[in-house]
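S.K.: Have a look at this one before I ask anything.
The values are calculated or read from the model by the stated rules, or taken from the named source; none is laboratory data. Because the structure is a prediction, the values reported are computed rather than measured. Note that each Cβ is placed from the backbone with ideal geometry, even for glycine, and that neighbours are counted across all protein chains shown.
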Amino acid sequence: MSVITIKIIGFGIMMSFLFFYSGEASANETQKLFEVKCSQCHTIEYPKSERHDLQGWTDKVNLMRSYGCKLTDEEANKIIDYLTKTYPKK
């Protein structure tokens, strides 16, 4: 095996690790965002007890925003995505 091949393989392993690690960190950050923002007005168990599809969670988050929940559009989209994946409609 040549030195170049070894370097390419090493680079690939490093990039794979970074990709998976950043995805996990991002998921944890989104969960924390959800917990911090949604627990300001009610217990965190309240949204966890519900199940919705994408439209249902979008409607629910927009309703909370109309009640005064301070979320940027980006934060709202992250929370909606998290809720849709974590608490899907059965």
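S.K.: Quick check: is even one residue across segment 34-51 touching a Pro at 6+ places or on another chain (Cβ under 7 Å) and at pLDDT 95 or above?
M.R.: Checked against the condition, which is being touching a Pro at 6+ places or on another chain (Cβ under 7 Å) and at pLDDT 95 or above, segment 34-51 yields at least one hit.
S.K.: Filter segment 43-67 down to the residues that are in contact (Cβ under 8 Å) with a residue 24 or more places away in the chain and outside any helix (DSSP H, G or I) and list them by number.
M.R.: GLU50, ARG51, HIS52, ASP53, TYR67
S.K.: Now for a different question. Looking at ALA25, ALA76, can you tell me which residue is in a helix (DSSP H, G or I), at pLDDT below 95 and under 17 Å from the mean Cα position of the chain (by Cα)?
M.R.: Values: ALA76 fails: at pLDDT below 95.
Step by step, each of ALA25, ALA76 is checked, and only ALA25 is in a helix (DSSP H, G or I), at pLDDT below 95 and under 17 Å from the mean Cα position of the chain (by Cα).
S.K.: With (1) of a type in the set (D, E, K, R); (2) exposed (fewer than 11 other Cβ atoms within 10 Å of the Cβ); (3) modelled with pLDDT of 95 or more as the list, and LYS60 as the residue in question, which single condition is left unmet?
M.R.: Status for LYS60: all satisfied but (2).
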